[in-house]
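The values are calculated or read from the model by the stated rules, or taken from the named source; none is laboratory data. Treat the numbers as computed from the prediction; the structure is a model and nothing was measured. Using ideal geometry, Cβ is built from the backbone for each residue, glycine included, and neighbour counts are taken over all protein chains shown.
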Amino acid sequence: MIEQPRIEEFQKDWDRYTSGLMSENEANLFKACWGLHVTRDGGWILKFRFPGGQMSPEQAEGLAGFLRKWVAEARARITPRQNIQVFDFAAEKLPLAMADLASFGLSTWRHPGAGMSTSSLCEKGAYCENSKLDPRPLLNALETWLGEHGKGYPAKFKVAFSACGNDCAYAGGHDVGLVATENEKGEKGYQVMGGGRLGEEPRPAFLLKAFVSETAAGPFLGSIVEAAKKLAKGNARARLGYILEEIGVEAFLAEAAKFKVTDFPKVEATAPKYSDPSEDGIPMTTGEEYRKFLDTNVFTQKDGEHLVAVVRVPFGWVTAAQWEVLAKVSRDFSNGELRLTQSQNIMIPMIHESNLQWVHYDLNQFGLGLAGAGYISDLSCCPGPKACDNAQDISAHEALAQFFALGDLGLDPGELAGAIKVSSCPNKCGNPELGSLALIGASWGEGAMKETGYKILMGGGKNPAGMRIGREVGACRAVRLGSVLRSLMERFKEEKHGDENFHQFCQRVSEGDPSPAQMWLQVYTDETGIGEPHMELVDGGA
Ligand code: SF4
């Protein structure tokens, strides 16, 4: 919720910003604190932060009301960092909309420093059968603490939590990553890593501490932030990884030890809330659609009793009416929890088995009963051309969604396990390098000769050794994308080994120099002006 004085502060700062009275640094901080972004065509984007993707039904309803009132298409987008973006604000509309936020119980305000992202959490979190502990109390405490102590932090700073060593959040690719674990005495805590990054120059993180208890983790994180802030000396490019490369882990930890953080909020686990079985009987099922949903979108949570339904949201777009039904389902059949995931989907936990058909029935009325979460039809992408100045103007998203619609490929869902990720430029927002198959927007030539297309990566994501960064296997012109995908799927059908799924296939055929995939795609690569694929990509373990 946002208070009136804060809104008045926004109005004053907005006037200064639009009058050109802010320095560039000041303007960047103003926009970052208010979750604002200007698009290349001068439109504005509002960013709502949901640490770890945690969202309440009240927030979902508030968002729906806000969208209906202020956004022409009345829809918002889940980002791969588990936040929400709302597009298409004209400058004259923005101050009025900001002043109206409180009436919807929402806020975009946060003051953690210009480059600090909200912390993210692994896909299934505490509900996963593998989870060692629930990272949410620590994650929330860190967000609160950063609200004050993150001020003045100059560089990008991204934190991720994974609830077990599988590290689905790829904590090892973040500035600070925490992976829940146990020590030899059976005490629960975290392995803490620092200085990792994804994107154009990926590098795995350094190990900062093999084990820190749940209670000690907060102050330790605080000391890392304080030391990094001091050593960055106001340099916007001084991410923690560069600091660690320069001075080494030992010297950095010695510096961190000088900061005694005593005001980190207490980390307290909240008792889980449970939902009740429905007394309304069973709805008319949606037959085949429900069976597929059950197969691919539902898992039993760690308590062994309740179910979690994953709502598949192609490219993360959710309309006002869909937010409303999500709020309703969460209240009626769950414990009032919704969670936005890094795959741009929404999880609804704590569902009684007897309620599951109702969940699907209600969701399906609003187009949210799609099967295929975690399969190749579950496409995710960066904010794209609408939001980002770097993005190539490629428009393959909708075509891709149709191409990969589950069931149209003549294969069983089990064979189609894998992730397809699209990023509109080499900045690789949305972590395409962790996709089984990734398409990265590219262009070549100038003026009238300029052409757009994709670099193609394969084999990213989890493998038995940890995490694998996808390897570049070729490129194609945008108009050839359909042919490339058809030919890859044909190869998969014909050349897969035994019960190998698409994800495992992509990892296998992207091995070697040249790899099989590289040779298959050579004809398409040659048609582009991109040149030889860059093969020096890094494999990074968690
Ligand atoms: S890291 Fe992955 S496997 Fe581990 S608890 Fe999280 S979602 Fe589950």
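Table for the structure above
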item: Flag if Phe206 is within 16 Å of the ligand (Cβ to nearest atom), of a type outside the set (Val, Ile, Thr) and at negative phi; result: no
item: Index of the failed condition, Ala216 passing every other in (1) away from the ligand (no atom under 16 Å from the Cβ); (2) touching an Asp or Glu at 6+ places or on another chain (Cβ under 6 Å); result: (2)
item: Leading residue by the ranking (modelled with the lowest pLDDT) among those in region 227-257 that are of a type in the set (Lys, Arg) and either under 27 Å from the mean Cα position of the chain (by Cα) or surrounded by 21 or more Cβ atoms within 10 Å (Cβ to Cβ) (or both); result: Arg237
item: Residue ID - surrounded by the most Cβ atoms within 10 Å (Cβ to Cβ), chosen from residues in region 112-121 that are of a type in the set (Ser, Thr, Tyr) and more than 16 Å from the ligand (Cβ to nearest atom); result: Thr118
item: Residues (within 8 Å of the ligand (Cβ to nearest atom) and either farther than 12 Å from Ala163 by Cα or hydroxyl-bearing (Ser, Thr, Tyr) (or both)) located in region 128-146; result: Ser131
item: Segments classed as strands (runs of 3 or more DSSP E), wholly inside region 100-202, with at least 2 members that are under 19 Å from Leu340 (Cβ atoms); result: 159-162
item: Selection within region 326-360 - in contact with a strand residue (DSSP E or B) (Cβ under 9 Å, 6 or more places away or on another chain), of a type in the set (S, T, N, Q) and farther than 30 Å from Cys429 by Cβ; result: Ser334, Asn335, Asn355
item: Those residues of region 325-351 which are surrounded by fewer than 24 Cβ atoms within 10 Å (Cβ to Cβ), assigned to a helix (DSSP H, G or I) and out of contact with any Phe, Trp or Tyr (no Cβ under 8 Å at 6 or more places or on another chain), in sequence order; result: Ala327, Lys328, Arg331
item: Qualifying position, being modelled with pLDDT under 95, touching a helix residue (DSSP H, G or I) at 6+ places or on another chain (Cβ under 8 Å) and surrounded by 23 or more Cβ atoms within 10 Å (Cβ to Cβ), among Leu142, Leu146, Leu138; result: Leu146
item: The lone exception for Lys47 - which of (1) surrounded by fewer than 19 Cβ atoms within 10 Å (Cβ to Cβ); (2) at pLDDT 90 or above; (3) on the phi < 0 side of the Ramachandran plot; (4) not in a helix (DSSP H, G or I) it fails; result: (1)
item: Close pairs (6 angstrom Cβ cut-off, 6 or more residues apart or separate chains): closer than 21 Å to Met116 by Cα in region 240-268, among the charged types (D, E, K, R) and buried (at least 17 other Cβ atoms within 10 Å of the Cβ) anywhere; result: Leu240/Asp175; Gly241/Arg197; Phe259/Glu226
item: Residue list for region 259-284, filter: surrounded by 15 or more Cβ atoms within 10 Å (Cβ to Cβ) and either modelled with pLDDT under 80 or touching a Lys or Arg at 6+ places or on another chain (Cβ under 6 Å) (or both); result: Pro272, Ser275, Ser278, Pro283
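Residue by residue, here is whether (1) modelled with pLDDT under 95; (2) of a type outside the set (Ser, Thr, Tyr); (3) within 12 Å of the ligand (Cβ to nearest atom); (4) touching an Asp or Glu at 6+ places or on another chain (Cβ under 9 Å) holds:
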position	(1), (2), (3), (4)
Glu123	yes, yes, yes, no
Lys156	yes, yes, no, yes
Gly165	yes, yes, yes, no
Arg197	yes, yes, no, yes
Val225	no, yes, no, no
